[in-house]
Amino acid sequence: MWTLMLHLWDRWRFESPPAERAWDLARGVETRKWTLRGYEPVPLDTAAQILAAVPRDGRTLIDVGCGKGRMLILAAEAGFSRVIGVEIDRWLCEVTRKNLAATGIDGVVVQQDARDWSWPTGPLTVFFYNPFDDPILGVVVSRLTDREPTGPVDVIYVNPLALHAFIDRGWTIASEGGSGTERWVWLTR
Ligand SMILES: C[S@@+](CC[C@H](N)C(=O)[O-])C[C@H]1O[C@@H](n2cnc3c(N)ncnc32)[C@H](O)[C@@H]1O
């Protein structure tokens with residue numbers, strides 16, 4: 001019993017760096033990893049770097065696989081006009097909705113497999129933080145690429161292990177940053 005409790009405590013500490021706990025506490029939200037559902041939140045410093053680099057005004061940020069909504073909150077705070085999260089897991093969608101309500105952010109959370117998601121119109125910034133690999137990514141990127149052109153679309157892809165899913169469909173790298181598993185690329189068409 002004690003061994004199990006120590007193990008859980010250790011895991012909680014490892015997965016909850018103090019800065020991330022403080023960030024959550026300051027907003028009355030819960031975005032840390034403590035879940036067995038394949039959810040991992042974008043690190044705050046990676047998100048800050050990305051948000052400082054991309055255009056925000058008049059844009060909608062869509063987080064594909066939004067988890068608990070950390071990026072939606074950061075994007076709204078950074079000046080995006082609208083934020084939308086697409087997330088397959090019902091429980092994570094509920095956590096995100098609670099988190100948005102706690103921060104007073106008027107965002108939309110859609111519980112759906114991203115492969116079935118119909119992209120909205122207007123200028124978009126689409127964020128991918130490791131939600132899935134090929135072949136799912138290929139389907140999602142094809143639908144985004146074939147979307148009726150109603151404004152610029154930028155993609156931010158962190159840890160771009162399946163970058164070819166974009167390059168093969170005519171996307172090009174506009175900029176990049178970070179390193180290792182936090183390397184990110186900004187893609188345009
Ligand atoms: C690594 S987490 C990223 C969370 C969030 N984007 C962030 O940066 O904090 C990936 C998320 O993608 C979700 N996901 C996995 N497959 C999906 C799919 N087919 N459609 C929508 N969401 C999916 C998972 O449930 C998980 O919450």
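Which FRET efficiency, nearest 0.05, do Asp146 and Gln111 yield, Cβ-Cβ r, R0 30 Å?
0.80
How do 44-55, 66-77 rank on mean C-beta neighbours within 10 Å, highest first?
Packing order, densest peptide first, comes out as 66-77, 44-55.
Based on the Cβ-Cβ distance of Ser118 and Ser179, what FRET efficiency does E = 1/(1 + (r/R0)^6) give at R0 = 35 Å, to the nearest 0.05?
Step by step, r from the Cβ atoms, then E = 0.50.
Just flag the trypsin sites (Lys or Arg not before Pro) in the stretch 99-182 sitting in loop per DSSP whose Cβ has no more than 15 other Cβ atoms within 10 Å. Working shown, then result.
Values: sites: Arg115, Arg143, Arg147, Arg169; in loops: Arg147, Arg169.
When the trypsin sites (Lys or Arg not before Pro) of the stretch 99-182 are filtered for loop state and at most 15 Cβ neighbours within 10 Å, Arg147, Arg169 remain.
With labels modelled as points extended 7 Å from the Cα through the Cβ direction, what inter-label distance (nm, one decimal) is found for Asn130 paired with Glu94?
The two pseudo-label positions are separated by 2.5 nm.
Taking amide H positions as placed in the peptide plane 1.01 Å from N, state which residues far from Val126 in sequence (5 or more) or on other chains have amide H under 5 Å from it.
Ile62, Asp154, Val155, Ile156
Using only the Cα atoms of the stretch 110-189, construct the convex hull and provide its projected area averaged over every direction, in square nanometres to one decimal.
Projected over every direction and averaged, the Cα hull of the stretch 110-189 covers 5.1 nm².
In sequence order, what are the phi-derived ³J(HN,Hα) couplings for the stretch 167-173 according to the Karplus relation 6.51 cos²θ - 1.76 cosθ + 1.60 with θ = phi - 60°, rounded to whole Hz, with x for glycine and proline?
Running phi through 6.51 cos²θ - 1.76 cosθ + 1.60 with θ = phi - 60° gives 4, 4, 9, x, 7, 10, 7 Hz.
Could you give the size of the charge dipole of the chain about its Cα centre, using +1 on the Cβ of each K and R and -1 on the Cβ of each D and E, expressed in debye and rounded to the nearest 20? Walk me through the numbers before you get to the answer.
Details: 21 positive and 24 negative charges, 60 e Å.
My answer is approximately 280 debye.
Please compute the Kirkwood hydrodynamic radius over the chain, one decimal place, Å, based on all pairs of different Cα atoms.
Hydrodynamic radius (Kirkwood, Cα pairs) of the chain is 17.1 Å.
What's the percent breakdown of Cα-Cα distances in the stretch 48-141 across 5 Å bins, shortest bin first?
The percentages, shortest bin first, are 3, 14, 26, 25, 20, 10, 2, 0.
Could you tell me the relative contact order of the chain? Use alpha-carbon pairs under 8 Å, at least six residues apart, and round to a whole percent.
Details: 309 pairs, mean separation 29.9, N = 189.
Across the chain, relative contact order equals 16 percent.
Are there any helices in the chain, counted as whole DSSP H runs, that stretch 18 Å or more along their axis by Cα and score at least -1.0 on average by Kyte-Doolittle, and if so which?
2-15, 90-103
Where a number appears in this text, it was derived from the coordinates with a stated rule and is not lab data. Just so it is clear, the structure is predicted and the values come from calculations on it, not from any experiment. Cβ sites come from the backbone with ideal geometry, for glycine too, and all protein chains shown count toward neighbours.
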